[in-house]
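Asker: Have a look at this one before I ask anything.
The values are calculated or read from the model by the stated rules, or taken from the named source; none is laboratory data. All of these numbers come straight from a predicted model, not from anything done at the bench. Quick reminder, even Gly has a Cβ in these numbers, built from the backbone with ideal geometry, and neighbours come from all protein chains shown. Note: areas computed on protein heavy atoms with side chains; ligands, DNA, RNA excluded. Shrake-Rupley method; radii C 1.70, N 1.55, O 1.52, S 1.80 Å.
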Amino acid sequence: MTTTTPRTLHLTATLLTASVALYMALVAFGNITDFGTNQQFVRHVLAMDTTFKDEDLMWRAITSTGLQDAAYVAIIVWETVAALVLIYGTYLWARRDQARARRFATYGLLMVMLLFGAGFIAIGGEWFSMWQSKTWNGLDAATRVFVFSGIVLLVNHLPSGQTRQADTP
């Protein structure tokens, strides 16, 4: 009995990479076309104005709207580039260029994981104490994207050179 065929794994990697590419493209598009909504999110997180306002932490707050907006634009640029890299990775998977597809999908997925893991979970969540805010807390959403992207990254790197035969009695 065959458990996984290279064709099935290839299709899985293609469709999952495409899913993250679509998600990132929609996130970037939304942030570009509805700039103000998440701009407020970034401003409040960086200003730390809805946290417990512990004086030992408030020195970390960034209250300059210019710096807040620069950070938000950098996030949008990062999201856009990640989406484009993942779209290209998906294209390469569809063309059956497995080595390059795996490489570009890895780059794009790593970009997503760095944004949501290092950027939103670590820096936003811990450095700017986003976890303290009832209103401007994006940790659950960031964690979902981080985990999903990590799973897709693992699928992209599963060995696919051979089919494996299950033990038969």
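Asker: Would you indicate which of (1) -0.22, -0.68, -1.23; (2) -0.32, -0.75, -1.11; (3) -0.34, -0.85, -1.26 is the value of log10 I(q)/I(0) by the Debye sum over Cα atoms at q = 0.08, 0.14, 0.19 Å⁻¹ derived from the coordinates of this structure?
Answerer: (2)
Asker: Still on this structure, I have one more. When the accessible area of the chain is split by element with a 1.4 Å probe, what percent falls to carbon and sulfur? Working shown, then result.
Answerer: Values: 6460 of 9840 Å².
Ligands and nucleic acids excluded, carbon and sulfur reach 66 percent.
Asker: According to a simple spin-label model (label point 7 Å from Cα along Cα-to-Cβ), what is the distance in nm between A122 and D49?
Answerer: Distance between the two pseudo-spin positions: 2.8 nm.
Asker: Compute the helix-to-body angle for 98-113: its Cα long axis versus the longest principal axis of the chain, expressed 0 to 90° and rounded to tens.
Answerer: With both axes taken from Cα atoms, the answer is about 20 degrees.
Asker: Next up: Using only Cα atoms, tell me the angle between helix 65-94 and the longest principal axis of the chain; keep it within 0 to 90° and round to the nearest 10.
Answerer: Once rounded, the angle reads 10 degrees.
Asker: Quick one: angle between helix 6-33 and the longest Cα principal axis of the chain, in degrees between 0 and 90, rounded to 10, please.
Answerer: It works out to around 20 degrees.
Asker: Considering the zone a paramagnetic label at K134 would reach in this model (a point 7 Å from Cα along the Cα-to-Cβ line), which residues of the stretch 45-76 have amide N under 19 Å from it?
Answerer: Residues passing the 19 Å test: 45, 48-54.
Asker: Which of F29, F116, F104 ends up with the largest GNM mean-square fluctuation for the chain, with Cα atoms connected below 10 Å?
Answerer: F29
Asker: Rolling a 1.4 Å sphere over the protein heavy atoms, what is the accessible area per residue of the chain, to the nearest Å²? Write out the running numbers ahead of the final one.
Answerer: On the way: 9840 Å² over 169 residues.
Result: 58 Å² per residue.
Asker: Residue separation times 0.36 nm, minus the C-alpha to C-alpha distance between M58 and D34: what's the value? Walk me through the numbers before you get to the answer.
Answerer: Values: separation 24, 0.36 × 24 = 8.64 nm, distance 2.92 nm.
5.7 nm is the gain from fully extending M58 to D34.
Asker: Now for a different question. With the crude spin-label approximation of a point 7 Å out along Cα→Cβ, what separation in nm comes out for L22 versus L67?
Answerer: Placing both labels 7 Å beyond Cα along the Cβ direction yields 4.0 nm.
Asker: Would you kindly find the accessible area of D97, with a 1.4 Å probe and non-protein molecules such as ligands, DNA and RNA excluded, rounding to the nearest 10 Å²?
Answerer: Per-residue accessible area (D97): approximately 50 Å².
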